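Engineer: I have a structure here, written as structure tokens, and I will follow up with some questions on it.
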Amino acid sequence: MKKILVMHGPNLNLLGTREPGIYGTLTLAEINRRLRALARKEGLVLRVLQSNSEGELIDFLHEQRRWADGVVINPAAYTHYSYALRDAIAAVGLPTVEVHLSDIREREPFRRVSVIKDVCVKQISGKGWESYADGIRTLMALA
Ligand code: DQA
């Protein structure tokens with residue numbers, strides 16, 4: 001497990017100023033910086049994408065499927081209704097961890113539903129940026 005895709009879904013580009021009471025004050029750039037530092041320490045290589053477009057996230061998974069050994073994805077709102085993203089994760093067959101900054105189990109009823117969860121090896125929720133770090137460690141432990 002050397003090569004990992006880190007994928008951030010819609011509206012996560014606004015982290016830092018987006019509903020800081022829920023998502024915290026770290027920017028996406030800072031989260032990515034911390035994840036790259038973790039990766040360096042562990043001898044991993046990351047490819048990182050943020051997109052507000054479902055199709056772009058799916059295309060990235062398709063394009064990177066032969067390069068990557070695993071995926072950490074925060075599908076953001078697509079978590080709750082994107083069968084297309086779910087199918088893409090199942091189709092590429094890479095071990096994938098679903099992560100969320102906030103605890104989706106403790107929020108509005110629509111957020112408690114994940115259509116992605118069943119095609120992932122694990123769902124990690126509510127630990128802020130550490131959800132991503134735990135996602136990377138989960139993939140490392142699979143190897
Ligand atoms: C989120 C939770 C989702 O419900 C929401 O739509 C997001 C972010 C999280 O990281 O807590 O955009 O995935």
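Engineer: Which three lengths, in whole Å and largest first, does the chain cover when its Cα atoms are put on their principal axes?
Structural biologist: Principal extents (largest minus smallest coordinate, Cα): 35, 32, 25 Å.
Engineer: Still on this model: Please calculate how many Å² of accessible area the chain carries per residue, with a 1.4 Å probe and no DNA, RNA or ligand atoms counted. All intermediate terms of the calculation are to be shown ahead of the outcome.
Structural biologist: Values: 6910 Å² over 143 residues.
I get 48 Å² per residue for this part.
Engineer: Then there is this: Gain in length, residue 36 to residue 77, computed as 0.36 nm per residue apart minus the alpha-carbon separation, to one decimal in nm? Show your work: numbers first, answer last.
Structural biologist: Details: separation 41, 0.36 × 41 = 14.76 nm, distance 2.44 nm.
Length difference between fully extended and current span is 12.3 nm.
Engineer: In the chain, which helices (entire DSSP H runs) extend 15 Å or more along their own long axis, judged by Cα positions, while averaging at least -0.5 on the Kyte-Doolittle scale? Walk me through the intermediate numbers first.
Structural biologist: Numbers: long enough: 28-42 (21 Å, -0.74); 54-64 (16 Å, -0.56); 130-142 (18 Å, 0.22).
The qualifying helices are 130-142.
Engineer: For the pair residue 108 and residue 3, what calculated FRET efficiency results from E = 1/(1 + (r/R0)^6), where r is the Cβ-Cβ distance and R0 = 35 Å, to the nearest 0.05? Please list the in-between numbers first.
Structural biologist: Working: r = 36 Å, r/R0 = 1.01.
FRET efficiency, residue 3 to residue 108: 0.50.
Engineer: Testing the spin-label approximation: label points 7 Å from Cα along Cα→Cβ at residue 45 and residue 122. State their distance in nm.
Structural biologist: Between residue 45 and residue 122, the simple spin-label model gives 2.5 nm.
Engineer: May I pose another question? Hey, can you grab everything whose amide H is under 5 Å from the amide H of residue 125? Only 5+ residues off in sequence or another chain; H modelled, so Pro and N-termini drop out.
Structural biologist: Hits under the 5 Å cutoff: 100.
The values are calculated or read from the model by the stated rules, or taken from the named source; none is laboratory data. These numbers come from a predicted model, not from an experiment. Here Cβ is always computed from backbone atoms with ideal geometry, including for glycine, and neighbour counts include all displayed protein chains. To get the accessible areas, we keep the full protein, side chains included, count just its heavy atoms, and leave off ligands, DNA and RNA. Shrake-Rupley method; radii C 1.70, N 1.55, O 1.52, S 1.80 Å.
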